[in-house]
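Below is one structure; the comments refer to it alone.
The values are calculated or read from the model by the stated rules, or taken from the named source; none is laboratory data. In this text, all values refer to a predicted model and were calculated from it rather than measured experimentally. Virtual Cβ from ideal backbone geometry, glycine too; neighbours counted across all protein chains shown. When the accessible area is computed, the model is the full protein with side chains, heavy atoms only, and any ligands, DNA or RNA have been set aside. Shrake-Rupley method; radii C 1.70, N 1.55, O 1.52, S 1.80 Å.
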Amino acid sequence: MPSTRVEFAPTPSADWLSDTYADSEFAFWGRALLLALFALWSWILIVPPIPDNAAGSSFLHLVNLPFHEAGHLIFRPFGAFVTSLGGTLGQLLMPTICMATLFIKTRDPFGAALCLWWLGENFLDIAPYIDDARAGQLPLLGGNFGHSAPYGFHDWEYLLTESGQLAHDHAIAKFSKFVGSLTMLAALAGGSAILVRQRAILAARR
């Protein structure tokens, strides 16, 4: 009696990096242009020293500012220290939420990479504020300056004083810039990898 051979079709594995726009030539070239612009923008923001406050002079600072102020309100129930820290947390949470939404819900990994870049840029935006904790020379919201404002008005003067780290403001600021720069470069590398993958998909479908 002849044997019967039964073949089972392989179960397709879930593609954790599925891309809604993978088969769009228009999206590919738009992404390539954005990647080039963000690479140039990274150079403009990363290269200047912290006291130059390049990120604070960028229009993105005005985008980040409402999330900073909202963070103070959101974290107010958790006490004075966390309320002050909430401004920085608000700046970091918003791009993180956008990144997760684009990656998981919208299935747009390139958009998520740009949000990761934005997260890194916020670390650069925070660095001059940390660096200014002792000097109090940066203008604050409402026209105040750290050196003349009431204690607690300058978030990072308060945070570092209360935590006993005020003498290390410059070192902490440098670390913030380092983390931000590394995050931005990682985002650009990730965006490049996504474009390489998308180009291969487009080429295979021709």
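The table below gives the values:
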| read-out | value |
| --- | --- |
| So Phe178, is it more than 30 Å from Asp23 (Cα to Cα), under 22 Å from the mean Cα position of the chain (by Cα) and surrounded by fewer than 16 Cβ atoms within 10 Å (Cβ to Cβ) | yes |
| Matching residues in the stretch 14-51 - criterion: being under 26 Å from Phe178 (Cα atoms), open to solvent by 30 Å² or more (accessible area, probe 1.4 Å) and in contact with a Pro (Cβ under 8 Å, 6 or more places away or on another chain) | Pro51 |
| Number of positions in the stretch 55-73 that are within 30 Å of Asp19 (Cα to Cα), without any contact (Cβ under 8 Å) to a residue 24 or more places away in the chain and open to solvent by less than 60 Å² (accessible area, probe 1.4 Å) | 1 |
| Contacts under 7 angstrom Cβ, first residue in the stretch 189-200 being within 14 Å of Leu33 (Cα to Cα) and β-branched (Val, Ile, Thr), partner part of a helix (DSSP H, G or I) and open to solvent by less than 60 Å² (accessible area, probe 1.4 Å), 6 or more apart | Ile194/Pro109; Ile194/Phe110; Ile194/Ala113 |
| Residue, nearest to Tyr129 (Cα to Cα), within the stretch 151-169, restricted to residues that are part of a helix (DSSP H, G or I) and among the aromatic types (Phe, Trp, Tyr) | Trp156 |
| Filtered residues of the stretch 97-113 (kept if over 18 Å from Leu188 (Cα atoms) and within 12 Å of the chain's Cα centre (by Cα)) | Ile97 |
| Qualifying positions in the stretch 83-132 - of a type in the set (Ser, Thr, Tyr) and modelled with pLDDT under 95 | Thr106 |
| Number of the condition not met by Phe175 [criteria: (1) in a helix (DSSP H, G or I); (2) touching a residue at least 12 places away in the same chain (Cβ under 8 Å)] | (2) |
| Number of positions in the stretch 137-163 that are at pLDDT below 80, surrounded by fewer than 12 Cβ atoms within 10 Å (Cβ to Cβ) and not aliphatic (A, V, I, L, M) | 5 |
| Answer residue from the stretch 113-136, given it is buried (at least 22 other Cβ atoms within 10 Å of the Cβ) and among the small types (Gly, Ala, Ser) and is nearest to Ala22 (Cα to Cα) among those | Ala113 |
| All positions within the stretch 74-84 that are in contact (Cβ under 8 Å) with a residue 12 or more places away in the chain and either surrounded by fewer than 18 Cβ atoms within 10 Å (Cβ to Cβ) or not in a helix (DSSP H, G or I) (or both) | Ile74, Phe75, Ala80, Phe81 |
| Which numbered condition Gly164 misses (of (1) closer than 30 Å to Arg31 by Cβ; (2) more than 20 Å from the chain's Cα centre (by Cα)) | (1) |
